[in-house]
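Single-structure report; data block below.
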Amino acid sequence: MNKISLIVPIYNVDLYIKDCINSIINQTYSNLEVLLIDDCGTDNSMNIVYDIIKEYQGPINFKIIHHIHNKGLSAARNTGLLYATGKYISFVDSDDYIDKNMFAILLSTITSNPQFGIVSCINYRDHEGKIIPSIPSWEFTEPRIIYHSLFAETMLTQKSCNAVWGKLYKADLLHNIKFREGKINEDILFMYDLSSVIESIQVNVIEIPHHLYYYRQRSNSICSSISNPLIIAEIQNLEDIIKDCTHKNKDLANTLYDIYFTKLFSFIYNLILNKDDVFFKKHIHNHLNKLKMIPNRYVRNKYGILYMLRFMTIKYTPFLYIYLKRYFIKISVK
């Protein structure tokens, strides 16, 4: 049987880790090497893990690997890659959980065609116990193949789910790939780095129409706030990718630049509109300077002259524009 190495970083998830581990234990495919990476949290997560593993008597091979100090999600995943010995590799975040047939289905799919290097499933979102569909463009009813030449564009533009979880990878693909440590929103960087491997050996990705991964959304997450470091990381990561791929794939760089502009423009607008003094002071000037580097002609050619005038107003007099807009909205409502 083909061994699957499953990498599970653990950090301050004591409310959720039991569901995660139990969903792994209940897998119908049992040739699993489960690498539980203790990233030195401050809650009861690891004690819960010890209790579950102590009672478990089945065929799954659980290995607990300890960090000396907290290193972050990317480093924890890299530790898992370092110790993984399976022919296939997968990732599950420790506050998520998976369908009992996930690995049986993923493995059956990826072994059906030698051209498949990755198989990906659809995810459900668990919002405070309410199960909801994923992003509409990530929902489909028939298998879809992402050819190697389109992998980078598909992942980086989020036409498909670009999270590292919910997928099964041939281990050979990941031998020379590492997560970039110290980064947030590291999945997109990982997919960008992986795209060069995918293209060089010309393997394809198959997506299957099965909801097998449950991504937990928490209402107290930083992602639900305007003071969201994930947004800033997305902007920075796009800058890094665009800079790197400008001379490699100009069409992709141009596509990503459009996404970058939209995210940056929206972030500045909402940052001022929902002014949070500490977060605002920390980030407003740096991001306004980024906005000023975007040529007016780019906005005019892409969106038209009226949008360019709005852009220029926010670019040079952002406070006046937004406060006037808020004032006139109030007047018009009355």
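The values are calculated or read from the model by the stated rules, or taken from the named source; none is laboratory data. Just so we're clear, the structure is a prediction, and the values are computed from it rather than from any experiment. Here the Cβ is made from the backbone with ideal geometry for all residues, glycine too, and neighbour counts use every protein chain on show. Ligands, DNA and RNA are excluded from the accessible area calculation, which covers all protein heavy atoms including side chains. Shrake-Rupley method; radii C 1.70, N 1.55, O 1.52, S 1.80 Å.
Okay, here's what the table says:
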| item | result |
| --- | --- |
| Cα gyration tensor, the range 49-206 - rounded (a/c under 1.5), prolate or oblate | rounded |
| Carbon and sulfur %, accessible surface of the chain computed with the full protein complex present, 1.4 Å | 53 percent |
| Nearest-ten-degree value, helix 277-292 long axis tilted from longest Cα axis of the chain | 70 degrees |
| FRET efficiency estimate (nearest 0.05) - Cβ-Cβ, Asn270 to Tyr303, R0 22 angstrom | 0.75 |
| 0 to 90° range, to nearest 10: angle between helix 250-273 axis and the chain longest Cα axis | 70 degrees |
| Estimated distance in nm for a label pair at Ile132 and Lys100, the labels positioned 7 Å out from Cα along Cα-to-Cβ | 2.8 nm |
| Mean accessible surface per residue for the chain, computed with a 1.4 Å probe while every protein chain stays in place, in Å² | 50 Å² |
| Candidates per GluC sites (Glu not before Pro) in the range 75-155, loop by DSSP, up to 16 other Cβ within 10 Å | Glu128, Glu139 |
| Accessible-area ranking of Thr313, Thr79, Thr141, largest first, probe 1.4 Å | Thr141, Thr313, Thr79 |
| For the range 132-145, 3J(HN,Hα) per residue [Karplus equation, 6.51 cos²θ - 1.76 cosθ + 1.60, θ = phi - 60°, Hz, x = Gly/Pro] | 10, x, 7, 4, x, 5, 8, 9, 7, 10, 10, x, 10, 9 |
| Angle in degrees between helix 318-333 and the longest Cα principal axis of the chain, rounded to the nearest 10 | 90 degrees |
| Residue-level accessible surface for Ser108, protein heavy atoms, 1.4 Å, Å² | 70 Å² |
| Residue with peak Gaussian network fluctuation, the chain [Cα springs, cutoff 10 Å], from Gly304, Gly166, Gly72 | Gly304 |
| Separation in nanometres of the label points that stand 7 Å from Cα toward Cβ, at Asp193 and Thr141 | 4.0 nm |
